[in-house]
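Here's the structure we're looking at; comments come further down.
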Amino acid sequence: MHYISTRGNTPKMQFSDVLLMGLAPDGGLMLPEHYPQIDKATLDKWRTLSYTELAFEIMSLFATDIPKDDLKALIDKTYTKTAFGNDDITPVRTLKDGIKILELSNGPTLAFKDIAMQFLGNAFEYVLKQKNERLTIIGATSGDTGSAAEYALRGKDNITVFMMSPHGKMSQFQRAQMYSLMDDNIHNIAINGMFDDCQDIVKALQQDADFKAKYSLGTVNSINWGRILAQIVYYFKGYFASTTDNSQKVSFCVPSGNFGNICAGHIAREMGLPIDRLIVATNENDVLNDFFQTGKYIPRTSDKTYVTSSPSMDISKASNFERFIYLLVSKDSQKLNELWQDVGSGKGFDLKDLLCDISGKYGFTSGKSTHADRLATIKSLYEGDNDLIDPHTADGVKVAREVRLDDEMIVVAETALPAKFSETIVEAVGDIDITRPEHTQDIEILPQKVVVLENKAELVRAQIEKFVTPN
């Protein structure tokens with residue numbers, strides 16, 4: 001399996017090289033030349049596999065340059081009962097109205113990002129050892145990617161992490177998870193701005209070819225193909241857990257800001273998984289909802305991006321969106337470059353002529369949820385189902401209920417555990433005792449290590465130069 005860039009000006013590469021590079025040299029995103037096609041016989045065979053067995057079958061189709069025994073060892077090391085609380089890794093539960101929740105948040109940082117990030121940490125360490133190289137990770141987080149990455153990479157050989165987050169915009173729990181880590185290879189940077197500003201700095205530094213080479217820059221944001229690959233697995237596992245045979249179809253509703261999680265679902269559908277619809281659930285930052293309803297994609301500036309009670313979705317530039325648009329415009333890299341030039345200028349683009357393909361051929365639809373919707377949904381499930389969910393998952397449940405068709409089976413992708421957002425939970429249902437894992441008890445009172453910087457790429461560059469020896 002070889003990988004190409006959406007922008008069309010990067011030589012073909014293998015998985016291990018793509019894993020370490022993050023953004024492509026031409027500014028695009030790496031993706032496979034083709035998506036493997038899974039037939040009914042293979043689906044039948046996969047239905048009975050354990051999570052680790054299924055992950056190996058899927059990942060071995062994409063990571064063809066890693067010896068199979070080594071890949072299996074990486075997967076077995078990652079997906080354990082110790083790390084994720086049970087052997088199923090991503091179990092499914094059903095609400096009274098029939099909507100299902102795919103549990104993705106049982107990892108060490110209580111968010112769905114752990115499933116991909118734990119694999120990424122082990123894969124990074126393995127590939128770096130094989131190549132006798134090191135890696136400087138620069139990342140941006142709106143809340144959950146940062147802690148998941150840091151917990152996966154803390155203490156790893158030959159890896160240094162610089163993680164940016166919007167200053168004061170995350171929950172108290174999210175900040176404590178990141179900033180309380182004292183490992184020498186972990187550096188937290190709070191940027192005076194929004195997540196999109198942090199993400200722009202990542203891209204600016206990644207696009208400086210000399211600096212990137214000098215400090216061996218990589219990324220763990222969902223622009224990294226390894227993240228997407230690991231997430232494809234749980235769409236297959238969630239489908240099998242929700243159905244009794246492979247003649248059934250399932251729709252997935254995914255709370256989305258950066259389009260990474262649902263991009264993995266989109267790829268699973270392209271591979272042949274019987275997914276009916278892919279439902280994008282946004283919060284008040286509804287740029288993606290606008291696109292899937294009208295065909296217009298007009299990212300907003302940071303000052304037009306709302307701070308909400310589902311902060312991990314407070315994003316107005318969806319980094320992974322480019323992978324879908326590349327397919328939507330029939331893999332025309334020239335056309336895609338033109339579209340993203342318009343995005344860069346602030347103009348955005350209008351693909352309303354392709355709305356039939358978006359909803360029909362690719363199965364996408366969308367909906368929006370507000371703060372009031374989140375509170376009402378959390379309260380409804382707590383009182384009616386004795387089920388407590390976090391604000392982002394509440395966005396998903398609200399939209400799933402709103403757009404559900406007759407007899408449609410919808411699985412909502414869980415985003416995080418409610419303990420990460422206790423302020424909103426209390427607002428929704430009152431001052432209740434919110435269960436949290438033992439290792440997170442009193443995390444908010446631990447000492448914290450973070451540097452606060454203005455929204456300037458050169459200041460982050462200086463931090464990297466301060467702590468990393470150049471090649």
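Here's the yes/no breakdown for (1) within 26 Å of residue 142 (Cα to Cα); (2) in contact with a Gly (Cβ under 7 Å, 6 or more places away or on another chain); (3) at pLDDT 95 or above; (4) buried (at least 18 other Cβ atoms within 10 Å of the Cβ):
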{"site": "405", "(1), (2), (3), (4)": "no, no, yes, no"}
{"site": "408", "(1), (2), (3), (4)": "no, no, yes, no"}
{"site": "414", "(1), (2), (3), (4)": "yes, no, yes, yes"}
{"site": "419", "(1), (2), (3), (4)": "yes, no, no, yes"}
{"site": "424", "(1), (2), (3), (4)": "yes, no, yes, yes"}
{"site": "427", "(1), (2), (3), (4)": "yes, no, yes, no"}
{"site": "436", "(1), (2), (3), (4)": "yes, no, no, no"}
{"site": "440", "(1), (2), (3), (4)": "yes, no, no, no"}
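Can you go through 249, 304 and tell me which one is open to solvent by 20 Å² or more (accessible area, probe 1.4 Å), more than 19 Å from residue 360 (Cα to Cα), in contact (Cβ under 8 Å) with a residue 12 or more places away in the chain and of a type in the set (D, E, K, R)?
Numbers: 249 fails: more than 19 Å from residue 360 (Cα to Cα).
On inspection, the qualifying residue turns out to be 304.
Only one of (1) touching a helix residue (DSSP H, G or I) at 6+ places or on another chain (Cβ under 6 Å); (2) part of a helix (DSSP H, G or I); (3) open to solvent by 10 Å² or more (accessible area, probe 1.4 Å) fails for residue 75. Which number is that?
The one condition residue 75 does not meet is (3).
May I ask you to verify whether residue 202 is in a loop (DSSP other than H, G, I, E, B) and open to solvent by less than 10 Å² (accessible area, probe 1.4 Å)? Can you show your working first?
Working: in a loop (DSSP other than H, G, I, E, B): no; open to solvent by less than 10 Å² (accessible area, probe 1.4 Å): yes.
The answer is no for residue 202.
What do you reckon, is residue 226 at pLDDT 90 or above and open to solvent by 10 Å² or more (accessible area, probe 1.4 Å)? Even if it seems obvious, please write down each step before you answer.
Working: at pLDDT 90 or above: yes; open to solvent by 10 Å² or more (accessible area, probe 1.4 Å): no.
Here the answer is no, as residue 226 does not meet what is asked.
Just checking, which of 284, 322 is open to solvent by 20 Å² or more (accessible area, probe 1.4 Å) and either out of contact with any strand residue (DSSP E or B) (no Cβ under 7 Å at 6 or more places or on another chain) or assigned to a helix (DSSP H, G or I) (or both)? Show your work before the answer.
On the way: 322 fails: open to solvent by 20 Å² or more (accessible area, probe 1.4 Å).
That would be 284, the only listed residue that is open to solvent by 20 Å² or more (accessible area, probe 1.4 Å) and either out of contact with any strand residue (DSSP E or B) (no Cβ under 7 Å at 6 or more places or on another chain) or assigned to a helix (DSSP H, G or I) (or both).
Considering only the range 142-199, how many residues are of a type outside the set (Phe, Trp, Tyr) and assigned to a helix (DSSP H, G or I)? Full working, then the answer.
If we filter the range 142-199 for residues that are of a type outside the set (Phe, Trp, Tyr), which is where we start, we get 142-150, 152-161, 163-172, 174-178, 180-194, 196-199.
Of the ones still in play, those that are also assigned to a helix (DSSP H, G or I) are 145-150, 152-153, 172, 174-178, 196-199.
Here the count works out to 18.
Which residue pairs have Cβ atoms under 9 Å apart, sit 6 or more places apart or on different chains, and have a first residue in the range 270-285 that is more than 15 Å from residue 259 (Cβ to Cβ) and a second that is part of a strand (DSSP E or B) and hydroxyl-bearing (Ser, Thr, Tyr)?
What qualifies is 275/251; 276/251; 277/251; 277/365.
Kindly indicate the residue of the range 442-461 that is among the acidic types (Asp, Glu) and within 25 Å of residue 106 (Cβ to Cβ) and also least open to solvent (accessible area, probe 1.4 Å) among those meeting that condition. Steps first, answer last, please.
Filtering the range 442-461 for residues among the acidic types (Asp, Glu) gives 442, 444, 454, 458.
Within this subset, residues satisfying the condition of being within 25 Å of residue 106 (Cβ to Cβ) are 442, 444.
On the way: 442: 98, 444: 48 Å².
Within the range 442-461, the match that is least open to solvent (accessible area, probe 1.4 Å) is 444.
The values are calculated or read from the model by the stated rules, or taken from the named source; none is laboratory data. Keep in mind the model is a prediction, meaning the values are calculated, not measured. As a convention, Cβ positions derive from the backbone with ideal geometry for all residues, glycine included, and neighbour counts pool all protein chains shown. Accessible surface areas use protein heavy atoms only, side chains included; no ligands, DNA or RNA. Shrake-Rupley method; radii C 1.70, N 1.55, O 1.52, S 1.80 Å.
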